[in-house]
1. Within region 31-50, is even one residue in contact with a strand residue (DSSP E or B) (Cβ under 9 Å, 6 or more places away or on another chain), at pLDDT below 95 and small (Gly, Ala, Ser)?
2. Residues of region 1-53 being part of a strand (DSSP E or B), among the aliphatic types (A, V, I, L, M), touching a residue at least 60 places away in the same chain (Cβ under 8 Å) and closer than 23 Å to Val96 by Cβ, which ones?
3. Would you please name the residue that is surrounded by the most Cβ atoms within 10 Å (Cβ to Cβ), looking only at residues in region 68-96 that are touching a strand residue (DSSP E or B) at 6+ places or on another chain (Cβ under 6 Å) and of a type in the set (A, V, I, L, M, F, W, C)?
4. Can you name the number of the only condition in (1) under 17 Å from Ala90 (Cα atoms); (2) in contact with a helix residue (DSSP H, G or I) (Cβ under 8 Å, 6 or more places away or on another chain) that Ile28 fails?
5. From the residues in region 1-53 that are basic (Lys, Arg) and within 13 Å of the chain's Cα centre (by Cα), which one is nearest to Gly85 (Cα to Cα)?
6. Could you count how many residues in region 54-67 are surrounded by 12 or more Cβ atoms within 10 Å (Cβ to Cβ), part of a helix (DSSP H, G or I) and of a type in the set (D, E, K, R)?
7. Considering only region 1-21, state which residues are surrounded by 15 or more Cβ atoms within 10 Å (Cβ to Cβ) and of a type in the set (Phe, Trp, Tyr).
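The values are calculated or read from the model by the stated rules, or taken from the named source; none is laboratory data. No experiment lies behind these values; they were computed from the predicted model shown. Heads up, the Cβs are rebuilt from the backbone with ideal geometry, glycines too, and the neighbour counts pull from every protein chain shown.
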Amino acid sequence: MAVFMMVEATEVFNKEKYGEYIRQVPKIVEQYGGKYLARGGNVAVISGDWHPERIVLIEFGSMEKFQSWWRSPEYQAVAPLREQGAKVNAVVVEGV
């Protein structure tokens, strides 16, 4: 069953580090079978009090494939750039 990871950047406080992170991650996502469905772009709030700076939506073929990517040495090597560059919220949810 496919899973979807949604990431919300609530604050980008180091654009250089976060920019380097978003430049490096796509090739790692693709290497582990992930597919971007949304990556940045305009965000329009249609309900509630939610104002993210950036939304990313990635599809993986299964929870196992997502976990392989998330725990991979390649991703773990660049994850500190995310942590040093932005405050984010992230969830992963199973599809239907």
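1. Taking every residue of region 31-50 in turn, at least one turns out to be in contact with a strand residue (DSSP E or B) (Cβ under 9 Å, 6 or more places away or on another chain), at pLDDT below 95 and small (Gly, Ala, Ser).
2. Within region 1-53, the subset part of a strand (DSSP E or B) is 3-12, 35-39.
Add one more test, that the residue is among the aliphatic types (A, V, I, L, M), and what stays is 3, 5-7, 9, 12, 37-38.
Checking which are touching a residue at least 60 places away in the same chain (Cβ under 8 Å) leaves us with 3, 5-7, 9, 12.
Listed by number, the residues that qualify are Val3, Met5, Met6, Val7.
3. Ala86
4. Among (1) under 17 Å from Ala90 (Cα atoms); (2) in contact with a helix residue (DSSP H, G or I) (Cβ under 8 Å, 6 or more places away or on another chain), the lone unmet condition for Ile28 is (1).
5. We begin by selecting, within region 1-53, every residue basic (Lys, Arg); these are 15, 17, 23, 27, 35, 39.
Filter once more, keeping what is within 13 Å of the chain's Cα centre (by Cα): 23, 27, 35, 39.
Numbers: Arg23: 13, Lys27: 19, Lys35: 23, Arg39: 17 Å.
Out of the qualifying residues, it is Arg23.
6. Within region 54-67, the first condition is being surrounded by 12 or more Cβ atoms within 10 Å (Cβ to Cβ), and the residues that meet it are 54-63, 65-67.
Retained after the next criterion (residues that are part of a helix (DSSP H, G or I)): 63, 65-67.
Within this subset, residues satisfying the condition of being of a type in the set (D, E, K, R) are 65.
Of the residues in region 54-67, 1 are surrounded by 12 or more Cβ atoms within 10 Å (Cβ to Cβ), part of a helix (DSSP H, G or I) and of a type in the set (D, E, K, R).
7. Matches in region 1-21: Phe4, Tyr18, Tyr21.
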